[in-house]
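A.B. asks: Take a look at this one; I'll ask things after.
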Amino acid sequence: MHNMDERKGFRSNLGFLMAAIGSAVGLGNIWGFPFKMGRGGGFAFLLLYLLLTAVCGFVLLLSELALGRMTSSNGVMAYGAVSRRFRWVGWVTPVTAVLILSFYSALGGYCVKYLVLNVGSLLGAPWGAAGRDGATIFASLIGNQAESVIYGMIFLLLNLLIVMGGVSGGIERFCTVGMPALFVMLVIVIIRSCTLPGAAAGLRFMYAPNFEPLRQNFLDVLKTAGGQVFFSLSLAVGTMVTYGSYTDRRQSLTKNAAVIAACGALVGLLAGMAVLPAAFATGAPMEAMGGPDLLFITLQNVFGKMGPAGPIFGILFYALVTLAAASSSVSLLEVPVAYLTDRSRLLGRGDRRRRYTLWATLVAAVLCAVTCADGLGTNGLWVPFQRFFAGAERLPVFCESWLSFLDMIAEGLLMPLCGLLTCVMVGWDLGPDAIRREVELHGNRFASYGFYRFCVRYVTPLLMLFILWGQLKNFFGF
Ligand code: TRP
């Protein structure tokens, strides 16, 4: 394994944290968390979410980081290095990562387009958003296949350039500048959003404690919160294993995992204060408070109605979202790239990062182009399994569009499955003690080991099983 010595990682622990937080903080936080929190009981939901972050998020995150660091390998090889029985699980990770990357980039492309639109409005150019309603803008964007594909490709190109730059020279550098910038922009947008007339309704919706949803359908809320914790911490895709493998052995893994998990939750809360008050202030309908509609219709309308300052806040906001999305997508692209470069290095062929980044991006580009051309199912493209349900009253969610279809395979099946198996592997095959040894290197303490051990063996796998069931239920609608 002497070639492994050349494997380069993050330059500093701060850089690693920025990259990992960048991966965690993405579209999921901005368009998913606020609305789910409001719907799920506000403050009551938050308590449940934090509890799940501890028993599920933190435990899996720590396991993945340790797994990567102890094996110094990418997702694929790390599983093989510690377990024969679970070796194949490693292979699931690059597949899932590329699938998520493809539809995530389609959405990232939309963000870039909105950034451009708001620049246009600021300049008073005809290609700006001025005078047009959010719904019209969005419909014409997704209806224009060529344009959507081009923006998707621009977003992927950005990823390509960053990942080609290497772990420290590309990803770390981008996130070390990008994450603090994102934070500053977020704070500015929060101040504007919370001072709009009628903003209080949004804050009340999101924060007011309401135990009713928990009392009425506790399992539903638990499933939503669990899925969110899991997706928002970028778990079970090989990302955190890979990033963990680039970290310094002297650093405390428990502290790092706690910081990442806490920042994920914090940005979710902040994002809620940025988007919901503004959305409520314009009196948008309830259905438009989450998902693509929130970002590309509701909020564009907010900026449209803000007068001369609108485009400036629009630019800030869409730049922020693009940054959040790009710092997540580079961590997805890094999963297959890390595997290919490690493999090449072990075979004595050198690093060849550039070539492999290009290959992986091309695969994602094909699927991304299809997703863009499909326009969230509005352009009548053939979608797998759709004909199957031609006679049905309502299509199952997973075949409504290419985006949902890819999302179903990734988020609905492969991710929860991989999360569950990772937990079972660490808890029962490899054993939590191996994780303890890795954590305690260089005199670091593992004060929560008793808690960790109990969770990783019993609590987390059961919750993961439950989340898997919940995801299947969401996508297949049974
Ligand atoms: N955490 C990202 C978000 O909240 C999405 C995501 C899920 C992700 N799994 C990932 C990002 C794996 C990078 C790697 O939007």
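A.B. asks: Counting only residues that are of a type in the set (Gly, Ala, Ser) and closer than 18 Å to Leu60 by Cα, which one in the stretch 23-48 is surrounded by the fewest Cβ atoms within 10 Å (Cβ to Cβ)?
C.D. replies: Going through the stretch 23-48, the residues of a type in the set (Gly, Ala, Ser) turn out to be 23-24, 26, 28, 32, 38, 40-42, 44.
The next check asks that each one be closer than 18 Å to Leu60 by Cα; those that pass are 23-24.
On the way: Ser23: 26, Ala24: 29.
Only one residue tops the list, namely Ser23.
A.B. asks: Related question: Limited to the stretch 266-279, what total is found for residues that are within 13 Å of Ser193 (Cβ to Cβ) and either in contact with a Cys (Cβ under 9 Å, 6 or more places away or on another chain) or surrounded by fewer than 24 Cβ atoms within 10 Å (Cβ to Cβ) (or both)? Steps first, answer last, please.
C.D. replies: First pass over the stretch 266-279, keeping only residues within 13 Å of Ser193 (Cβ to Cβ): 270-279.
The next check asks that each one be either in contact with a Cys (Cβ under 9 Å, 6 or more places away or on another chain) or surrounded by fewer than 24 Cβ atoms within 10 Å (Cβ to Cβ) (or both); those that pass are 270, 273-274, 277-278.
The total comes to 5.
A.B. asks: Is one or more of the residues making up the stretch 6-15 in contact with a Lys or Arg (Cβ under 7 Å, 6 or more places away or on another chain) and in a helix (DSSP H, G or I)?
C.D. replies: yes
A.B. asks: What number of residues within the stretch 438-448 satisfy the criterion of being in a helix (DSSP H, G or I) and either free of Cβ contacts under 8 Å to residues at least 24 places away in the same chain or surrounded by 15 or more Cβ atoms within 10 Å (Cβ to Cβ) (or both)? Show your work before the answer.
C.D. replies: From the stretch 438-448, those in a helix (DSSP H, G or I) are 438-439, 441-443; that's our starting set.
Then keep just the ones that are either free of Cβ contacts under 8 Å to residues at least 24 places away in the same chain or surrounded by 15 or more Cβ atoms within 10 Å (Cβ to Cβ) (or both); that gives 438-439, 441, 443.
Selection size over the stretch 438-448: 4.
A.B. asks: Among the numbered criteria (1) over 29 Å from Asp429 (Cβ atoms); (2) out of contact with any Pro (no Cβ under 6 Å at 6 or more places or on another chain); (3) crowded, with 24+ Cβ neighbours inside 10 Å, which one does Tyr79 miss?
C.D. replies: Every condition holds for Tyr79 apart from (1).
A.B. asks: So, one more: What are the pairs, 6+ residues apart or on separate chains, where a residue within the stretch 368-385 that is over 25 Å from Leu333 (Cβ atoms) has its Cβ under 8 Å from a residue that is open to solvent by 50 Å² or more (accessible area, probe 1.4 Å) and assigned to a helix (DSSP H, G or I)?
C.D. replies: Thr378/Ala139; Asn379/Gln145
A.B. asks: Then there is this: Name every residue in the stretch 287-310 that is open to solvent by 20 Å² or more (accessible area, probe 1.4 Å) and more than 16 Å from the ligand (Cβ to nearest atom), in order of residue number. First the steps, then the outcome.
C.D. replies: So the first thing to find is which residues in the stretch 287-310 are open to solvent by 20 Å² or more (accessible area, probe 1.4 Å), and the list is 287, 292-293, 297, 301, 304-309.
Within the stretch 287-310, Glu287, Asp293, Ile297, Asn301, Gly304, Lys305, Met306, Gly307, Pro308, Ala309 meet the criteria.
A.B. asks: Find the residue count for the stretch 121-140, including only residues that are in contact (Cβ under 8 Å) with a residue 40 or more places away in the chain and open to solvent by less than 40 Å² (accessible area, probe 1.4 Å).
C.D. replies: 6
A.B. asks: Select from the stretch 467-478 the residues that are open to solvent by 40 Å² or more (accessible area, probe 1.4 Å) and part of a helix (DSSP H, G or I) and write down the one among them that is farthest from Ala236 (Cα to Cα).
C.D. replies: Within the stretch 467-478, the first condition is being open to solvent by 40 Å² or more (accessible area, probe 1.4 Å), and the residues that meet it are 469, 472-474, 476-478.
Now restrict to residues that are part of a helix (DSSP H, G or I): 469, 472-474, 476.
Details: Trp469: 16, Leu472: 16, Lys473: 19, Asn474: 19, Phe476: 21 Å.
Of everything passing the filter in the stretch 467-478, Phe476 is farthest from Ala236 (Cα to Cα).
A.B. asks: Let me ask you something else. Looking only at the stretch 203-223, count every residue that is at pLDDT 90 or above and within 30 Å of Gly68 (Cα to Cα) and tell me the total.
C.D. replies: The total comes to 1.
A.B. asks: Could you check how many residues of the stretch 87-143 are in contact with a Pro (Cβ under 7 Å, 6 or more places away or on another chain) and among the β-branched types (Val, Ile, Thr)?
C.D. replies: 1
A.B. asks: Restricting attention to the stretch 360-399, report how many residues are more than 25 Å from Phe466 (Cβ to Cβ) and in a loop (DSSP other than H, G, I, E, B).
C.D. replies: Selection size over the stretch 360-399: 18.
A.B. asks: Suppose the filter is more than 23 Å from Thr224 (Cα to Cα), within 16 Å of the ligand (Cβ to nearest atom) and not charged (D, E, K, R); does Leu65 pass it? Spell out the reasoning first.
C.D. replies: Numbers: more than 23 Å from Thr224 (Cα to Cα): yes; within 16 Å of the ligand (Cβ to nearest atom): yes; not charged (D, E, K, R): yes.
Considered against the rule, which asks whether it is more than 23 Å from Thr224 (Cα to Cα), within 16 Å of the ligand (Cβ to nearest atom) and not charged (D, E, K, R), Leu65 comes out as yes.
The values are calculated or read from the model by the stated rules, or taken from the named source; none is laboratory data. Only a predicted model underlies this, so the values are computations on that prediction, with no experimental measurement involved. In this analysis, Cβ positions are derived from the backbone assuming ideal geometry, glycine residues included, and neighbour counts consider all displayed protein chains. Calculation scope for accessible area: heavy atoms of the full protein, side chains included, ligands and nucleic acids excluded. Shrake-Rupley method; radii C 1.70, N 1.55, O 1.52, S 1.80 Å.
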